[in-house]
Amino acid sequence: MTARNIIPLALLGSTALALVMPTTTHAAGFVEDAKVTLGLRNYYFNRNYLNGTDPVIRGERQGQAEGWTQNFILDARSGYTQGTVGFGLDVLGLYSIKLDGNRGAANTQLMPIHDDGQAADQFGRTAVAAKAKISKTELKVGEWFAVLPILRADDGRSLPQTFQGAQLTSSEIDGLTLYGGQFWKNSQRNDASREDMSFNGVEGDDFNFGGGEFRFNGNNTMVGVWHARLEDVYQQSFLQLTHSQPVGDWVLGANLGYFNGKDEGAAKAGDLDNKVYQGALSAKRGNNTFQVTYQRLSGDTKFLRIDGASGGTLVNDGFLSAFDSPEERSWQLRHDYNFAGLGIPGLTLMNRYTSGSNIHAGGRTDAEEWSRETELAYTIQEGTLKNLNVRWRNSDVRRDVGQDLHENRLIINYPLSIL
């Protein structure tokens, strides 16, 4: 790494640390409860396009998308000052360096892409959020990595996506958590800028949301109700029920959900109509977990979500596809194994197969797709490199409409605790 690359990171880190360190002596909780970690993430991405589905960039066909980056994620979170109302500050410092990647890197979404089609050599941004807390109610204003059922920031590449806005979270009643707020800016995972909230490239006004989750039955059961509006573009409601039940040596689980979305206000993206019915059933015994899912879309529109956001709330969201095309019906079989049962703690293996049909796209009403995905992961349990995590993801997808892909990703994460 050159000095030119080290200097921005050092400045970013020192600025963040300075922000979270108070100058007054009466704010003991601000410092004593602070946590600062530096995540080192090395990300290699290789995607091959099959069956003549390779994209064309500036007149050249790209049979492969390949990139390699080294990334630094500084996560500094203060505690709260003492008193009836506690105040705090969270800082997220993000910096990425391209280690390798040619014109084909445009399709890796690891880095921003210049006008000439080449990936940037480096990029980054700093997200700062102020917070205030009274009793069990917190107000947060600024920019952060937000994860809500109706708005999930994506963290699937070099750096995570962040949103700028305000959120109120209250847990004054046992078992009940209420949420409300507004986001007005979006920084996608491969972008250093802050853009207006949008859907399919259509910019709306602010993204307003509210919701609540009630947990009971010893926290084994949860009911969630959410509503969100991207003003003048779309509105969406979400109802969710989850349950976990021990039965002898087994733990059975269920995750049921229903989305209902349509256009809103000036309807800048046109008439929108989307409903999603979904369910996931799981069974865990010892080191094995088995899961079967079903997801069905209806209406003329794909699943409604903010540009760049993760589809992780969908039960069939995967590495390569969310199976969220208009009218698509999909099912999945999944198996997870923890090798601790064979005396290798920290080693896990996931395999899943997902099949989608009845897709209304590309002038067809009967298109199909399928994907096969594997993830082998290992976390070092002790020693100098304790908590270092290595993940290898191997995936294939085949589609009647769209791109056929074969993909490999190698991701190394090493969290360093600073405070």
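Below are the figures for this structure:
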item: Total formal charge among the other residues, if their Cβ is under 15 angstrom from that of G270, Lys/Arg +1 and Asp/Glu -1; result: -4
item: Distance (nanometres) between label positions extended 7 Å along Cα→Cβ at E32 and D116; result: 5.7
item: 20 Å reach of a label modelled at R215, 7 Å along Cα-to-Cβ, counting backbone N of segment 227-265; result: 227, 239-247, 251-257
item: Cα gyration tensor shape for segment 117-201, rounded if a/c is under 1.5, else prolate or oblate; result: prolate
item: Where labels lie 7 Å past Cα in the beta-carbon direction, separation of V223 and S193 in nm; result: 4.5
item: N387/S237 FRET efficiency (R0 30 Å; Cβ-Cβ; nearest 0.05); result: 0.15
item: Relative contact order (%) - the chain, alpha-carbon pairs under 8 angstrom, separation at least six; result: 12
item: Modelled label reach - R285, point 7 Å along Cα→Cβ, segment 239-254 residues with backbone N closer than 20 Å; result: 244-254
item: Debye intensity ratio I(q)/I(0), log10, segment 37-167, q values 0.13, 0.23 Å⁻¹ (C-alpha model); result: -0.66, -1.28
item: Neighbour net charge for L50 - beta-carbon separation under 9 angstrom, K R +1, D E -1; result: -2
item: FRET efficiency for I134 and V247, using Cβ-Cβ distance with R0 set to 41 Å, rounded to 0.05; result: 0.45
item: Reported label for calculated mean projected area of the Cα convex hull in nm² given [x] 22.5; [y] 19.8; [z] 18.2; result: [x]
item: Sulfur and carbon atoms: percent of accessible area, segment 305-376 [1.4 Å]; result: 52
item: Inter-label distance for I380 and H335, nm, one decimal - labels placed 7 Å from Cα along Cα-to-Cβ; result: 3.1
item: Length released on extending from N394 to L50, taking residue separation times 0.36 nm less the Cα-Cα span; result: 122.3 nm
item: C-alpha center-to-center spacing [segment 256-319, segment 357-404] in angstrom; result: 17
item: List F319, F30, ordered by accessible area with a 1.4 Å probe, largest first; result: F319, F30
item: Neighbour net charge for F163 - beta-carbon separation under 14 angstrom, K R +1, D E -1; result: -2
item: Volume in Å³ per residue [convex hull over Cα atoms, computed for segment 148-243]; result: 110
item: Pairwise FRET efficiency - T169 versus S417, Cβ, R0 = 30 Å, nearest 0.05; result: 0.75
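The values are calculated or read from the model by the stated rules, or taken from the named source; none is laboratory data. Predicted, not measured: the structure shown is a model, and the values here were computed from it. Cβ: placed from backbone, ideal geometry, glycine included. Neighbour counts: every protein chain shown. Calculation scope for accessible area: heavy atoms of the full protein, side chains included, ligands and nucleic acids excluded. Shrake-Rupley method; radii C 1.70, N 1.55, O 1.52, S 1.80 Å.
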